[in-house]
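Taken together, the values in this text are just the output of simple stated rules run on the coordinates, not laboratory data. From a predicted model like this one, the values you see are computed outputs, not experimental measurements. Heads up, the Cβs are rebuilt from the backbone with ideal geometry, glycines too, and the neighbour counts pull from every protein chain shown.
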Amino acid sequence: MDSKENHNLPSQDKASVELSAKYPSATVGEANSTLTMTPAEERKLVQKIDLHLMPLMFVLYLFQYLDKTSLGYTAIMGILQDAKLSGNQYSWVSSFFYVGFLVASPLSSILLVKFPVAKVVVLTVLIWAGIQMVMAAGKSFASLAVLRTLLGAFEAAIGPGFTIITSTWYKPSEHALRHGLWYGGASVAYIIGGIMAYGISHIDSAIKSWQFLFIIFGAATFIWGLIVWWLLPTDPQTAWFLNEHERKLAFARVQGARHSTQTGEWNHAQMRETLIDPRSWLFFLLCVFSTIPGGGLTAFGSVIIKDFGYSVLQTQLLSMSVGAFLLFFVILTVGISMTLKNARCLSIAILNLISLAGVLMVKLLPESNKIARLAGIWLVCAQASAFPTTLSLVSSNITGHTKKAAVNGMLFVGFCVGYIIGPLTFVAQEAPGYKTAFNIMVACYVLNIVIVISMRQIMARWNKQRDQQHGAEVVSNVHVLEQAGQADLDETDWENKEIRYSLEEEEAARAIAQIRPEDRRHRNLAKFNLPIIIEVGNTAFVRTKVLDMQTILKQRVNLL
């Protein structure tokens, strides 16, 4: 290190800075000791977390999707006749799931704040698995409607809960991949669900095949729920698969970027902020306009494909292929988000453009060109793959435990509203063209593009204003961790002016060079008289009470 400021440092502080310069590290300052971790060690830690969390979440989300869509499989197994459901009643039984989901979403948000997130999620899993098995006894419109409503209500916690779990364990730069991993369970469920239903329908038993399906799906979910209850930790500090040293590092490496430690209390000020934050409503509308097409195609996708001129067997096989294309687009989207900077909002807009092209192909191409129209249906799947990217935007840009839970709740309320409206856009008298439904899809995709671009511009403008007013400290590249009371970390992105919204990867040197020593958060940290970690990219170093902030910043810039 050549910086002249280095000669004035106490020997202990000098050693810390030199160690950080020689060995890129993530360093956690404690009152009397320093924990260090190289990038290779951090990758090993993240891989260890992935190995234990992602399979649990992936399979659980797979079962959630199977249970949610199980009614569709039973429709061709005799449930319509046995329960004496008319066509209209069957549609309502299907929609009641989302009514329950919608009603329960606000309560789920509160529960996710007041109690450990992992336990809330798994407890609801065990309850909905029981309801799924009880559906085998439903032999009337009323009983099935009640059970489907309850099923939706208890499934309302898993999406927001998984989003919070992701932000608890992973840094914002890691969110897109992890959201894509566990959300991929829905795509795989789409593929294997038809195969499982086909196999169950051929089981020779006194129990009717549709009843057997409910029992098998529910029992499998219940068993996996017990496994997840046993294996999924509440947070990094209680992770059974990490040693004490790894627990501290797993907590500290994420906490600086989160600013939303779980306090177990509902913060009314954060809730008010949620309601006046325009992004909350833009996220809500984005989810509504995304799921209106999805809700319609979930109910009528097979009907549309069959109307292209395919047989029943061909329709079943081609419907399963939709899941394969959905999985392909999920992988593609996550890859783009991880590879290209500024890519998340852009990728959502591009996916909506692809789906818009697909809808226009189905709508405008002649009926005789069934292969091209089928390709249009596959392209429509592109937009659905944007959902995990949308979740990662919330995880990375909304802070404060109550605010994050509330925005996630609004997101899933929008999800329900869209899925309720979607099937209603398909007017029976307009079959097989369904002019109204496809016109509404076109409008939804256009509105989604406008919304996501507007949201990005809003956050970019806020970043610029904060740079001008408070200095250009970028939390995505420069994290300040205080080893003090956890309640001090439960700040929203509006309260903490140091936060910069995750839109682009700025140069570390620019970020550091413009940090002002008199910054509000640095001034507040001084009262604790404790070490602080300043992290830039893969390199971190400790500021102690005897080391001047501006000195360290100058030294670090010289090393870049």
Dipole check, region 121-262, charges on Cβ (K,R +1; D,E -1), about Cα centroid: among 217, 157, 189 the Cα furthest to the positive pole belongs to 157
Which peptide among 391-400, 323-332 comes first, and what is the full order, when sorted by highest mean count of other Cβ atoms within 10 Å?
-> 391-400, 323-332
Just order 360-370, 415-425 by mean Cβ neighbour count inside 10 Å, highest at the front, would you?
-> 415-425, 360-370
So which of 48/114; 114/404; 68/404; 114/403 end up more than 21 Å apart, counting from Cα to Cα?
-> 48/114; 68/404
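Under unit Cβ charges (Lys, Arg +1; Asp, Glu -1), what dipole magnitude, rounded to 20 debye, does region 54-204 have relative to its Cα centre?
It comes to approximately 300 debye.
Beta carbons within 10 angstrom, averaged per residue: use that to sort the peptides 200-213, 121-134, 280-293, 444-457, highest first. Don't skip to the answer; put the middle values down first.
Working: 200-213: 15.6, 121-134: 21.5, 280-293: 23.3, 444-457: 19.6.
Packing order, densest peptide first, comes out as 280-293, 121-134, 444-457, 200-213.
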Out of 392, 410, 356 - ranked by how far each Cα lies towards the positive end of the dipole of region 326-454, with unit charges on the beta-carbon of charged residues - the top one is 392
What net charge do the residues around residue 82 carry, taking every other residue with its C-beta under 10 Å from that of residue 82, with Lys and Arg at +1 and Asp and Glu at -1?
-> +3
Which of 381, 368, 426 sits farthest toward the positive end of the charge dipole of region 340-471, with +1 on the Cβ of Lys and Arg and -1 on the Cβ of Asp and Glu?
-> 381
In order through region 344-354: 3J(HN,Hα) via Karplus (6.51 cos²θ - 1.76 cosθ + 1.60), integer Hz, x for Gly, Pro = 5, 5, 4, 5, 4, 4, 5, 4, 5, 5, 4
